[in-house]
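The values are calculated or read from the model by the stated rules, or taken from the named source; none is laboratory data. What you see is a predicted model; the values in this text were computed from it and never measured. Glycine also receives a Cβ, built like all others from the backbone with ideal geometry; neighbour counts cover every protein chain displayed. In case anyone asks, the SASA skips ligands and DNA or RNA and just uses the protein heavy atoms, side chains included. Shrake-Rupley method; radii C 1.70, N 1.55, O 1.52, S 1.80 Å.
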Amino acid sequence: MAYSEKVIDHYNNPRNVGSLDKGAEDVGTGLVGAPACGDVMKLQIKVSADGIIQDAKFKTFGCGSAIASSSLATEWIKGKSLNEAETIKNTEIAQHLALPPVKIHCSVLAEDAIKAAIADYRAKAQTKS
Amino acid sequence: MRLRGVLPRLTAPNACWSCGAPVPTAEPFCPTCKSVQPPGQADHFSRLGFARTYDLDPKLIERRYFELQRKLHPDRFATRTPKERQLSQAQATSLNEAYETLMDPLRRAVYLLRLSGIEVGGDGKTVADPALLMEAMEMREALAEARSSSEVDQVVARARSEADAVRSTLSTHFSAGDLKSARTDTLRLTYLDKLIEDARARRLNVA
């Protein structure tokens, strides 16, 4: 199967690979997996007091499309508010990367990882207040 | 829309295409005229003469597979009619699929759950089981950080022993009819098998 140029670019030069301090109050962590292929994706966000995503990091073990989807996701959510980031759809990721139909689930994984990271951050903020 | 009752039924279910005598499901040959039958809708277990159960003896699976394979081999049908050649081919294909599914514990578990209406994989569905994913992430990181073949081997050894343990609890859950736990174990096994497979490629890239 041929990957698109954008997928190859993100795969060879992934943006924002790494980890943030999972225990920090201003960090939300989303951990999701794709059962069909055994992929696992971690996406973390660092959120400012006014609800803006200042930093995002990811670590993905999976195919090129899964890595590209999460790399792109971290690029897109940086600088966005939580509410804005939440509206990112897997279809936008899939379209931007020109993912073939069999790889659509990789973009779903990235969308779910963003949502899980935001939910984790909000749950932490709730217990704090 | 259901077609049953709308379309006229031309033949009784499982009637031999050649002589019309009844043929039991999953029986590759007509008991009356010995003609080879279409593979039909039999599940992988009944095709190899097993009940739907997780605990199967690999040696017995193998024995039954080879017995049937011998009888269905296309070479035996070389001088038969085109229809019989085509049917024996279809039978051999279904038999191979049944054999491959039942021999692999992970595929067997996924298949057994599917027969009970439980999908383990399926595109577009995400797992969010934190304990399972944390374990998967941690082992993946250990594999990615392994710098020598002996370090890779250590990760693989751990994954293998975890996988053995999962296969054994899987058997307990299936025999107790606890399909929810069986599904969780099957997911864990998916991740462990994938890791072991990727470790093979990784091993080639380290000293």
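Spin-label model, residue B:150 to residue B:138: label points 7 Å out along the Cα-to-beta-carbon direction sit 2.4 nm apart.
Ignoring lysines fewer than eight residues from residue B:34 along the same chain, the ones with Cα atoms less than 29 angstrom from its Cα are B:59, B:71, B:83.
Cross-link partners for residue A:46 among the lysines, with Cα-Cα distance under 24 Å and sequence neighbours closer than 8 places in the same chain left out: A:22, A:57, A:59, A:78, A:80, A:89, A:115, A:124, A:128.
For chain A, take the longest principal axis of its alpha carbons; what is the angle in degrees between that and the long axis of helix A:64-77, to the nearest 10 within 0 to 90? Helix A:64-77 and the main axis of chain A meet at about 40 degrees.
Distance between the 7 Å Cα→Cβ label points at residue B:179 and residue B:17: 3.3 nm. Under 19 Å from a label point 7 Å along Cα→Cβ of residue A:12: give me every residue in the range A:50-79 with its amide N that close. Only A:63-72 pass the distance filter. Across chain B, the mean sequence separation of Cα contacts (distance under 8 Å, 6 or more residues apart), normalised by length, yields a relative contact order of 16 percent. Stretched out straight at 0.36 nm per residue, the stretch from residue B:203 to residue B:60 would grow longer than its current Cα-Cα span by 48.1 nm.
Per residue of B:127-140, other chain Cβ atoms within 10 Å of the residue Cβ number 5 on average. For the protein assembly as shown, the solvent-accessible area of protein heavy atoms averages 53 Å² per residue (probe radius 1.4 Å; ligands and nucleic acids excluded).
Placing +1 on the Cβ of every Lys and Arg and -1 on the Cβ of every Asp and Glu, with no other charges, gives chain A a dipole of roughly 180 debye about its Cα centre. With each label point set 7 Å from Cα along the Cα-Cβ vector, what nm distance links residue B:78 and residue B:167? Each label point lies 7 Å from its Cα, and together they span 3.8 nm.
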